[in-house]
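The structure appears right after this line, and notes come after that.
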Amino acid sequence: MQSVFRGKHLITLQEWTKEEIDTVIEVSKDLKKKFAMGVATPYLPYKTAFLMFFEQSTRTRNSMEAGIAQLGGHANFLDTSTMQVSHGEVAKDTAVILSRFGHAIACRNCFWEVGNKYLRDMAKYSSVPVMNLQCDLYHPMQGLADLMTIQEKFGDTKRLKVSIIWAYATSHKKPISVPLTQALLFPRYGMDVTLAYPEGYDLPDWAVKQAEENAAKHNGTFTITHNMEEAYKDADVVIPKNWGSWVNNQSDAVVDDLLESYKSWICTEEMMEQTNYNSIYMHALPADRGNEVVDSVIDGSHSVVYDEAENRIHTAKAVMALTMGGK
Ligand code: CP
């Protein structure tokens, strides 16, 4: 068990060792148990985390805000449209000042080819841990909650067939950060990961290479297919979710001819019937109901989306307690 986290940035789980990730999950499970029993966990008394959001959020914002309150600390929610960053203040100046005021900076910035660079700039100049609350490339907080959920439902994760499946949606052009994070993380836990998407929705080549390397190192597998049915067949875990065609097309237009040609990529009961009898349906949420998935699946017996969302708070608390407190 790793015990030295204080001050550690979390930009991507790829930069954390498996031992460190295991510790986060272990602490998350302990915090979840204590929360269920009403046991107080004041591990961060009088500590402040600044939460900067360039975009909307329900789960991430509230898991962090409620989470730090439950740890005895306080969060300052910062809508960046009301900050001087909207007048051009640079990441360095924001990071230096906020890190002098408090004990962590957490930030969501999903703008393509901007967000991750912004987070890394903040981390370079911050004297306190910087946490990525989702950027254009990674969503580590979601990845941790997803891993915890799969472990809770199956125990041993080795040889599970886990399918990350592109799905049709029109709500907005979504980042690739959720599937990319899952593609990198799950093979490290010995899972047989299938990434399924229609032509035009590729993840970056470097990410595919890293996912393949992770699989080779940890006895998992990583397979890409453009056949949706193949991904559902005999799967233990299915994660049908939309992501944008950012790698192939940087326009931020939501609906285009390519997207409209893949309306059939929806998670239906017929698709779920192809999966293993005890399979689970996951989604980071918010889901585009009726487009990505039919109600009878997301509200049905395979769905674990609310357990998955609940685990966001337990894992967020674990990351904060370890990086802001501890040794
Ligand atoms: N899954 C997730 O990050 O949800 P929010 O966008 O509501 O934070």
Could you tell me whether Asp146 is among the acidic types (Asp, Glu), within 16 Å of the ligand (Cβ to nearest atom) and touching a Leu at 6+ places or on another chain (Cβ under 9 Å)? yes
Looking at region 104-116, I want the residues that are within 13 Å of the ligand (Cβ to nearest atom) and have a partner that is acidic (Asp, Glu) with Cβ atoms under 7 Å, at least 6 apart or on another chain. Which pairs are those? Arg108/Glu55; Cys110/Glu55; Cys110/Asp136
Of residues in region 105-124 being farther than 21 Å from Met324 by Cβ and hydrophobic (A, V, I, L, M, F, W, C), the one least open to solvent (accessible area, probe 1.4 Å): Cys110
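Every residue in region 6-54 that is open to solvent by less than 40 Å² (accessible area, probe 1.4 Å) and charged (D, E, K, R), please. Don't jump to the end; show me each part of the working.
Going through region 6-54, the residues open to solvent by less than 40 Å² (accessible area, probe 1.4 Å) turn out to be 7, 10-13, 16, 20-21, 23-25, 27-28, 31, 41, 44, 47-53.
Residues satisfying the conditions are Glu20, Lys47.
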Could you pull out every one of the helices (runs of 4 or more DSSP H) wholly within region 143-253 that has 2 or more residues that are buried (at least 23 other Cβ atoms within 10 Å of the Cβ)? 177-185, 228-232
Looking at region 254-265, is at least one residue in a loop (DSSP other than H, G, I, E, B), touching a residue at least 12 places away in the same chain (Cβ under 8 Å) and under 27 Å from Gln210 (Cα atoms)? yes
Restricting to region 292-312, and then to whatever is open to solvent by 40 Å² or more (accessible area, probe 1.4 Å), more than 21 Å from Glu230 (Cβ to Cβ) and in a loop (DSSP other than H, G, I, E, B), can you tell me which residue is nearest to the ligand (Cβ to nearest atom)? Asp299
Looking at region 35-56, I want the residues that are among the aliphatic types (A, V, I, L, M) and have a partner that is more than 16 Å from the ligand (Cβ to nearest atom) and open to solvent by 40 Å² or more (accessible area, probe 1.4 Å) with Cβ atoms under 7 Å, at least 6 apart or on another chain. Which pairs are those? Ala49/His103; Leu51/Asn76
Considering only region 9-23, I want to know if a residue exists there that is at pLDDT 95 or above, within 16 Å of the ligand (Cβ to nearest atom) and aromatic (Phe, Trp, Tyr). no
Condition check for Tyr138: among the aromatic types (Phe, Trp, Tyr), at pLDDT 95 or above, within 13 Å of the ligand (Cβ to nearest atom) and within 24 Å of Leu184 (Cβ to Cβ): yes
Report the residue count in region 214-258 for those that are of a type outside the set (Ser, Thr, Tyr), touching a strand residue (DSSP E or B) at 6+ places or on another chain (Cβ under 9 Å) and under 17 Å from Gln182 (Cα atoms). 16
Of the numbered conditions (1) surrounded by 15 or more Cβ atoms within 10 Å (Cβ to Cβ); (2) under 24 Å from the mean Cα position of the chain (by Cα); (3) within 21 Å of Gln134 (Cβ to Cβ), Gly102 satisfies every one except a single condition; which is it? (2)
Every residue from region 254-290 that is aliphatic (A, V, I, L, M) and open to solvent by 70 Å² or more (accessible area, probe 1.4 Å): Val255
So, in region 55-70, of the ones that are over 14 Å from Pro129 (Cβ atoms) and away from the ligand (no atom under 15 Å from the Cβ), which residue ends up surrounded by the most Cβ atoms within 10 Å (Cβ to Cβ)? Gln70
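The values are calculated or read from the model by the stated rules, or taken from the named source; none is laboratory data. Because the structure is a prediction, the values reported are computed rather than measured. With ideal geometry, Cβ positions are generated from the backbone for all residues, glycine too; neighbour counts draw on all protein chains shown. Ligands, DNA and RNA are stripped out before the accessible areas are found, and what is left, the full protein with its side chains, is counted by its heavy atoms. Shrake-Rupley method; radii C 1.70, N 1.55, O 1.52, S 1.80 Å.
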